[in-house]
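**Student:** Take this structure first; my questions come after.
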Amino acid sequence: MSTDVLSRETLYADAGRMFQRKKLMSFALPAVVLAYLAYVFFAFDILGLAERARWDNAQTLMSDTYSYKTHVTRDNRNGEVTVAIEGERKGTYDTGSAPDWVDLNGQTTRIDLGGGQIVTFLPNNALRFDIPSYGVIEAAMVGRSIESNLTGELPDWISSSRSRLQITTDEGRVSLTRNKTEAFNYFVGWELFWFTLDSPYHGHSLFQILFGDRIVDGQSNLGGAWHDFWYNPMWHHNMVAWAIFETILMAFLGTFGAAVVSLPLAFLAAKNFAPLMAVRFALRRVFDLFRGIDGLIWTIILARAFGPGPMTGALAILLTDTGSFGKMFSETLENVDSKQIEGVASTGAAKTHTYRFGVIPQVTPVFLSQVLYFFESNTRSATIIGAITGGGIGLLLTQAMLTQKDWEEVTYYIILVVLMVMLMDTVSSWLRNKLIKGE
């Protein structure tokens, strides 16, 4: 048999085996993926998760992010009725005053939630709720328990027990407990975002403030309005602005501090600049240690060592980025063009001048690009780190979440974080074009 025939037979045999392997893989890979998905389905208890889901709570939470609620509350111990936006002290209406959908009439209080739904606070801690699509619900606190006309199987939006009655509809929410009777009416928007009720500028339009008559004697409308907005006691705009600045400063100090520290160390870790292998090996392991531990872990360690604060967050970013920059900078230095270095050295320049004019111009664009990218990314990380160290916008975001009621503030802070990241992205791109491309 000729060599050509043997070669063809060998080639056909190899092709057949390859085809069989590909055919086996085409069946094996989907089987492995399906087996993994089946494992995930049971291991993470997907069915149990669906059963435990509280979609009503999720709906309430989502509505709280873009709307506000006005509380009409009766103290069942003394019968006093208060009306407050978001239940805040600074959002409380003066005694005897209320929005037009609340009728304070002696011992009864009539509340029009909209959609034909009327809530009436009756004497003797009683409550009446007219719902056109359901009927009339009457309840009262008798002794230490609630008595009502509710019978049979109740719909999901009614929760009733001996100590609490809660009714949630599309228009609002009503609750009755031993201590108080309360109605919540929801409206779209962030009420009192500009001015609180005690501000003389509340209820005035922007046109009136800019071009209308003076609202407060001896004070310009624009200056007074800005003061009341900036020091708004409910939204704390001045504190939020400072928190944003702290977050950006945390990212800036951590990122550029890491760049300054890692640059000289990168020369000692590059094999074409550091002849001692032991030094290179030791530094590279240090870089692996710093970047191998996540920034959040460094944050917890440093918070235990130095206490909470923005500087602790900046140090955590610095340690993590020192490892990342050290590795990237040293690898960049190992790939520089040696001819340019030799050209500078041939002029008789000192070692430092050789590095300054033969190395730095080659690596500067790469270094700047990496540092600016990390700075942009660290503005996001600083938000989470700030939640742990107690600084920046992350702290305010965590506090708003822990209250379980200030979700409109959570939305406000998230929007500010997104705008901050977009700003950092724009500034970073502009600096890269200016410093690297010269545009």
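**Student:** If you take the alpha carbon radius of gyration of segment 305-384 and divide it by 2.2 N^0.38 Å, what ratio comes out, to two decimals?
**Tutor:** Values: Rg = 17.2 Å, N = 80, 2.2 N^0.38 = 11.6 Å.
Here the answer is 1.48, to two decimals.
**Student:** Moving to a separate point now. Just how much of residue 229 is accessible, in Å², when a 1.4 Å probe is used and the result is rounded to the nearest 10?
**Tutor:** My reading of the accessible area for residue 229 is about 30 Å².
**Student:** Can you quote the Å³ per residue value for the convex hull of the Cα atoms in segment 266-335, rounded to an integer? If you can, show how the numbers build up before the last one.
**Tutor:** Values: hull volume 5.2 nm³, N = 70.
So the per-residue hull volume is 74 Å³.
**Student:** Separation between the residue 51 and residue 31 pseudo-spin-labels, each 7 Å from Cα along Cα→Cβ, expressed in nm?
**Tutor:** Output for this residue pair reads 3.3 nm.
**Student:** While we're here: Just to be sure I understand the model, the point goes 7 Å from the Cα along the line to the Cβ. What's the resulting residue 272 to residue 108 distance in nm?
**Tutor:** Rounded to a tenth, the inter-label distance reads 9.1 nm.
**Student:** Let me ask another. Using the Kirkwood radius over Cα pairs, work out the Stokes-Einstein diffusion coefficient for segment 291-439 at 20 °C and 1.002 mPa s, in µm²/s as a whole number. Each step should come with its number before you reach the end.
**Tutor:** Values: Rh = 17.9 Å.
My calculation gives 119 µm²/s for D.
**Student:** Using a 1.4 angstrom probe and counting only protein chains, how large is the accessible area of residue 49 in Å², to 10?
**Tutor:** Only protein atoms counted, so the area is about 100 Å².
**Student:** In Å and on Cα atoms, what radius of gyration and Dmax does segment 108-176 show?
**Tutor:** Calculated on Cα positions, Rg and Dmax stand at 11.4, 33 Å.
**Student:** On to the next question. When Lys and Arg each count +1 and Asp and Glu each count -1, what net charge do the other residues less than 13 Å away from residue 145, Cβ to Cβ, add up to? Intermediate results must be reported in sequence, preceding the final value.
**Tutor:** Details: positive: 144, 162, 164, 178; negative: 147.
My count for the surroundings of residue 145 gives +3.
**Student:** Separate question: For segment 89-173, what is the accessible area per residue in Å² when the probe is 1.4 Å?
**Tutor:** Details: 5090 Å² over 85 residues.
Heavy-atom SASA per residue in segment 89-173 reads 60 Å².
**Student:** To the nearest 500 deg cm²/dmol, what mean residue ellipticity at 222 nm is calculated for the chain from DSSP H runs of n ≥ 4 alone, each contributing -39,500 (n - 2.57), summed and divided by the residues?
**Tutor:** Working: 14 runs with 240 residues, N = 439.
That comes out to -18500 deg cm²/dmol.
**Student:** Sorted by packing (mean other beta-carbon atoms within 10 Å per residue), highest first, where do 31-40, 293-302 land? The partial results should precede the final answer.
**Tutor:** Values: 31-40: 9.9, 293-302: 17.4.
Highest to lowest by the protection proxy: 293-302, 31-40.
**Student:** Of the lysine pairs in the chain, how many meet both conditions: Cα atoms under 20 Å apart, and a spacing of 8 or more in sequence or different chains?
**Tutor:** Close lysine pairs under the 20 Å cut-off: 9.
**Student:** On to the next question. Could you work out the local net charge near residue 82, counting Lys and Arg as +1, Asp and Glu as -1, over the other residues with Cβ closer than 12 Å to its Cβ?
**Tutor:** Numbers: positive: 74, 89, 180; negative: 75, 80, 88, 94, 182.
So the environment of residue 82 carries a net charge of -2.
**Student:** Hey, another quick one. What is the ratio of the Cα radius of gyration of segment 248-303 to 2.2 N^0.38 Å, with N the residue count, to two decimals?
**Tutor:** For segment 248-303, the normalised Cα radius of gyration is 1.33.
**Student:** A further question follows. In segment 188-319, how does Rg compare with the Kirkwood Rh, expressed as the Rg/Rh ratio over alpha carbon atoms? It would help to have the intermediate numbers written out before the result.
**Tutor:** Values: Rg = 25.4 Å, Rh = 19.2 Å.
Rounded to two decimals, Rg over Rh is 1.32.
**Student:** Might you report the magnitude of the Cβ-based charge dipole of the chain about its Cα centre, with Lys and Arg at +1 and Asp and Glu at -1, to the nearest 20 debye? Mind showing how you got there, number by number?
**Tutor:** Values: 36 positive and 42 negative charges, 436 e Å.
Charge dipole, the chain, about its Cα centre: 2100 debye, nearest 20.
**Student:** Given a Förster distance of 45 Å, report the FRET efficiency between residue 373 and residue 157 from their Cβ-Cβ distance, rounded to the nearest 0.05.
**Tutor:** Details: r = 50 Å, r/R0 = 1.10.
Computed FRET efficiency for residue 373 and residue 157: 0.35.
**Student:** How compact and how long is segment 88-240, expressed as Rg and Dmax of its alpha-carbon atoms in Å?
**Tutor:** Here Rg and the maximum Cα pair distance are 20.2, 65 Å.
**Student:** Rounded to two decimal places and with Rh computed the Kirkwood way over Cα pairs, what is Rg over Rh for segment 363-410? Intermediate values should be presented prior to the final figure.
**Tutor:** On the way: Rg = 15.3 Å, Rh = 12.2 Å.
Ratio of gyration radius to Kirkwood radius for segment 363-410: 1.25.
**Student:** Where does the chain land on Rg(C-alpha)/(2.2 N^0.38 Å)? Please list the in-between numbers first.
**Tutor:** Working: Rg = 33.5 Å, N = 439, 2.2 N^0.38 = 22.2 Å.
Output field value: 1.51.
**Student:** At a 1.4 Å probe, what is the % contribution of carbon and sulfur to the accessible area of segment 44-144? Present the calculation step by step, with values, prior to reporting the outcome.
**Tutor:** On the way: 2970 of 5980 Å².
Of all accessible area on segment 44-144, carbon and sulfur atoms account for 50 percent.
**Student:** Here is a follow-up. When you have a sec, figure out the Kirkwood radius of segment 62-104 from all distinct Cα pair distances and drop it here in Å to one decimal? Kindly include the intermediate steps, with their values, before the conclusion.
**Tutor:** On the way: mean 1/r = 0.0886 Å⁻¹.
Averaging 1/r across every pair of different Cα atoms and inverting gives 11.3 Å.
**Student:** Further question on the same structure: Residue 382: net charge of surrounding residues, Cβ under 15 Å, Lys/Arg +1, Asp/Glu -1, itself excluded? Walk me through the intermediate numbers first.
**Tutor:** Working: positive: 380; negative: 246, 294, 321, 376, 425.
Net charge around residue 382: -4.
**Student:** Output wanted: per-residue J couplings in Hz (rounded whole) for segment 382-392, from phi through Karplus 6.51 cos²θ - 1.76 cosθ + 1.60, θ = phi - 60°, x for Gly and Pro.
**Tutor:** Result, ordered by residue: 5, 5, 6, 4, x, 5, 8, 7, x, x, x Hz.
**Student:** D for segment 33-148, whole µm²/s, Stokes-Einstein with Kirkwood Rh over alpha-carbon pairs at 25 °C and 0.890 mPa s: what number?
**Tutor:** Details: Rh = 17.7 Å.
For the chosen part, D equals 138 µm²/s.
The values are calculated or read from the model by the stated rules, or taken from the named source; none is laboratory data. Since this is a predicted model, take the numbers as computed values, not measurements. Virtual Cβ from ideal backbone geometry, glycine too; neighbours counted across all protein chains shown. Just the protein is used for accessible areas: all its heavy atoms, side chains included, with ligands, DNA and RNA removed. Shrake-Rupley method; radii C 1.70, N 1.55, O 1.52, S 1.80 Å.
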